[in-house]
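Enquirer: First, the structure itself, so that you have it in front of you.
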Amino acid sequence: MPTGALTSAEDLEDFIRGLTVLGTGGGGRPDAGRAALLPLIEQGGQPCWRPLEGIGDDDLFCSLSGLGSIAPVPPMSEEERVAAGYPRQMQAEPPMLRALKALEAHLGRKIAGIYPIELGAGNSPMPLAAAMAAGIDMVDCDCAGRAIPEMSQSTIARSGIPFAPAVYADHWGMLMTVSDCNSMLLGERLGKAISTVTKAADMKAQLARAAFVVDGRTLKRHALSGGLSQALQLGRAISAARRAGTDATDAAAAAMGGRVVHRGRLVRKSWESREGYMFGDLYIDAADGSKARIWLKNENHIVWIDDVPRYTSPDLICVVQAHTAEPYTNTTLPEGIDVAVIVAPAPPQLRTPEAIAALGPRHYGFDLDYLPLEIAQ
């Protein structure tokens, strides 16, 4: 039986809001996630998910995800697209659904259900919409407990499960099947390289990937249970605080088991799109004179306060509007607004030595140890 369902547009907004917070600045576009599910709800559907613990051990499951830089690059004009070899219009069929169908054809076997690699406002709702369109289950789990910039950082990848066979599909009609790949690192580079072509014409064009085919027994062993339900509950906590007139940011932090570590004005956002990622820094000045800087690679990963490193990945670093707790992705976060920084502890599966090596600051090239929220001063 389903463990959660979206029965109204209000549910969808709470779901998207919770996923955007958990996306830690990345995780896909909220508007794309909303657009994928809202028509289904308006037509009387109830997007739902099933518990990880209840799936069949011998059934096949795969992940669906979008990938590429989230940098806000201006789209090509129609004439420029055609001159560069792209079609005049995006294809109507969602790339995730095309990728799923092509993967099933390659395997010669039906996929029983979908799971998201990460939690995010694009990379969780859009797989859910594809699962509904295909008439198969969406599993209430993920492989990161947050959004992550690299698929090799996921629990499923770190367990040694290969991402191939895999299928890539985009809005321009591209379909590519990868039967085998030498390593996860090459698979990551391949996906990012393809994404630069997909997104060069329009950053809103999705490159979708169907990958990490596993049986239910394996998924239960390596996935994190309950992430979709957690996102809906988080969004509802924010909405409830707004209705009650209480501090929505404090409510969000409490729902995540975290705390608000800085409030101030976003005075500057610097960024560049490189190697299929958005790199950059956020500069937030508080009224008391303290200053925070957040380093990002798609998602937020390190917080300095007054030039002292205080919080790092794999813990969740989330930037929200200071008064309403409305979250932002780093693509849309505007300069000049008042924000709050929430830090929440990563799930235990992301705090093992192996996980910290893959997600901590040293992985990103900083001479800095992981700083768990509980011991940060």
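Enquirer: When residues of region 72-106 are filtered for being within 21 Å of Asp180 (Cα to Cα) and loosely packed, with under 14 Cβ neighbours inside 10 Å, how many remain?
Expert: Selection size over region 72-106: 1.
Enquirer: When you scan region 34-50, how many residues do you find that are in contact with a helix residue (DSSP H, G or I) (Cβ under 9 Å, 6 or more places away or on another chain) and not in a helix (DSSP H, G or I)?
Expert: 5
Enquirer: Going through Ser65, Ser69 one at a time, which residue ends up being hydroxyl-bearing (Ser, Thr, Tyr), touching a Gly at 6+ places or on another chain (Cβ under 8 Å) and either surrounded by 17 or more Cβ atoms within 10 Å (Cβ to Cβ) or not in a loop (DSSP other than H, G, I, E, B) (or both)?
Expert: Ser69
Enquirer: Do you know which residues across region 162-177 are in contact with a strand residue (DSSP E or B) (Cβ under 6 Å, 6 or more places away or on another chain), in contact (Cβ under 8 Å) with a residue 24 or more places away in the chain and surrounded by fewer than 20 Cβ atoms within 10 Å (Cβ to Cβ)?
Expert: Result: Ala164, Leu175, Thr177.
Enquirer: Right, here's the next one. Against the conditions (1) among the polar types (S, T, N, Q); (2) part of a helix (DSSP H, G or I); (3) farther than 15 Å from Ser63 by Cα, where does Asn182 fall short? Just the number, please.
Expert: (2)
Enquirer: Just checking: which of the helices (runs of 4 or more DSSP H) contained wholly in region 199-281 hold 3 or more residues that are more than 22 Å from the chain's Cα centre (by Cα) and without any contact (Cβ under 8 Å) to a residue 40 or more places away in the chain?
Expert: So the answer is 227-244.
Enquirer: What residue, among those in region 203-216 that are out of contact with any helix residue (DSSP H, G or I) (no Cβ under 8 Å at 6 or more places or on another chain) and open to solvent by 10 Å² or more (accessible area, probe 1.4 Å), is farthest from Ser179 (Cα to Cα)?
Expert: Met203
Enquirer: Return yes or no: is Met126 surrounded by fewer than 24 Cβ atoms within 10 Å (Cβ to Cβ), part of a helix (DSSP H, G or I) and modelled with pLDDT of 95 or more?
Expert: no
Enquirer: For residues in region 358-377 being over 20 Å from the mean Cα position of the chain (by Cα) and of a type in the set (Phe, Trp, Tyr), which is surrounded by the fewest Cβ atoms within 10 Å (Cβ to Cβ)?
Expert: Per the stated criteria, the residue is Phe366.
Enquirer: A further question follows. Within region 54-73, does at least one residue satisfy the condition of being at pLDDT 95 or above and either over 17 Å from Leu219 (Cα atoms) or touching a Cys at 6+ places or on another chain (Cβ under 6 Å) (or both)?
Expert: Checked against the condition, which is being at pLDDT 95 or above and either over 17 Å from Leu219 (Cα atoms) or touching a Cys at 6+ places or on another chain (Cβ under 6 Å) (or both), region 54-73 yields no hits at all.
Enquirer: Among the residues of region 249-258, are any crowded, with 17+ Cβ neighbours inside 10 Å, polar (S, T, N, Q) and more than 28 Å from Val82 (Cα to Cα)?
Expert: Among the residues of region 249-258, at least one is crowded, with 17+ Cβ neighbours inside 10 Å, polar (S, T, N, Q) and more than 28 Å from Val82 (Cα to Cα), which makes the answer yes.
One line per residue, one yes/no per condition, for (1) open to solvent by 10 Å² or more (accessible area, probe 1.4 Å); (2) at negative phi:
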residue: Val303; (1), (2): no, yes
residue: Asp307; (1), (2): yes, no
residue: Arg310; (1), (2): yes, yes
residue: Ala325; (1), (2): no, no
residue: Leu333; (1), (2): no, yes
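Enquirer: What strands (runs of 3 or more DSSP E), lying completely within region 298-344, carry at least 1 residues that are closer than 15 Å to Gly264 by Cα and touching a residue at least 24 places away in the same chain (Cβ under 8 Å)?
Expert: Passing ranges, in order: 299-305, 316-321, 338-344.
Enquirer: Here's another thing I want to ask about it. Being closer than 15 Å to Gly25 by Cβ, within 18 Å of the chain's Cα centre (by Cα), of a type in the set (Gly, Ala, Ser) and open to solvent by less than 10 Å² (accessible area, probe 1.4 Å) narrows it down to one residue among Ala344, Ala355, Ala340; which is it?
Expert: Testing whether each residue is closer than 15 Å to Gly25 by Cβ, within 18 Å of the chain's Cα centre (by Cα), of a type in the set (Gly, Ala, Ser) and open to solvent by less than 10 Å² (accessible area, probe 1.4 Å) leaves just Ala344.
Enquirer: Go through (1) out of contact with any Gly (no Cβ under 7 Å at 6 or more places or on another chain); (2) at pLDDT 95 or above one by one and return the number of the condition Glu118 breaks.
Expert: So Glu118 meets the others, but not (1).
Enquirer: State which residue pairs qualify: first residue among the aliphatic types (A, V, I, L, M) and inside region 24-44, second residue open to solvent by 30 Å² or more (accessible area, probe 1.4 Å) and not in a loop (DSSP other than H, G, I, E, B) in any location, beta carbons under 7 Å apart, and separation of 6 or more residues or different chains.
Expert: Here the result reads Ala32/Met126; Ala36/Met126; Leu38/Ala9; Leu40/Met132; Ile41/Ala9, each pair linking region 24-44 to a residue that is open to solvent by 30 Å² or more (accessible area, probe 1.4 Å) and not in a loop (DSSP other than H, G, I, E, B).
Enquirer: Sticking with this one: Across region 154-166, what is the number of residues that are over 15 Å from Leu186 (Cα atoms) and touching a helix residue (DSSP H, G or I) at 6+ places or on another chain (Cβ under 6 Å)?
Expert: Residues that pass the stated criteria total 3.
Enquirer: Could you tell me how many of the residues in region 18-33 are surrounded by 23 or more Cβ atoms within 10 Å (Cβ to Cβ), in a helix (DSSP H, G or I) and not hydroxyl-bearing (Ser, Thr, Tyr)?
Expert: Count: 6.
Enquirer: Name the single residue that is nearest to the chain's Cα centre (by Cα) among those in region 78-123 being within 14 Å of Gln206 (Cβ to Cβ) and assigned to a helix (DSSP H, G or I).
Expert: Looking at residues that are within 14 Å of Gln206 (Cβ to Cβ) and assigned to a helix (DSSP H, G or I), I get Met96.
The values are calculated or read from the model by the stated rules, or taken from the named source; none is laboratory data. Computed from a prediction, not measured in an experiment: that's the story for all the values here. Note that we place each Cβ from the backbone using ideal geometry, even for glycine, and neighbour counts take in every protein chain shown. The area values use the complete protein model at the heavy-atom level, side chains included, leaving out ligands, DNA and RNA. Shrake-Rupley method; radii C 1.70, N 1.55, O 1.52, S 1.80 Å.
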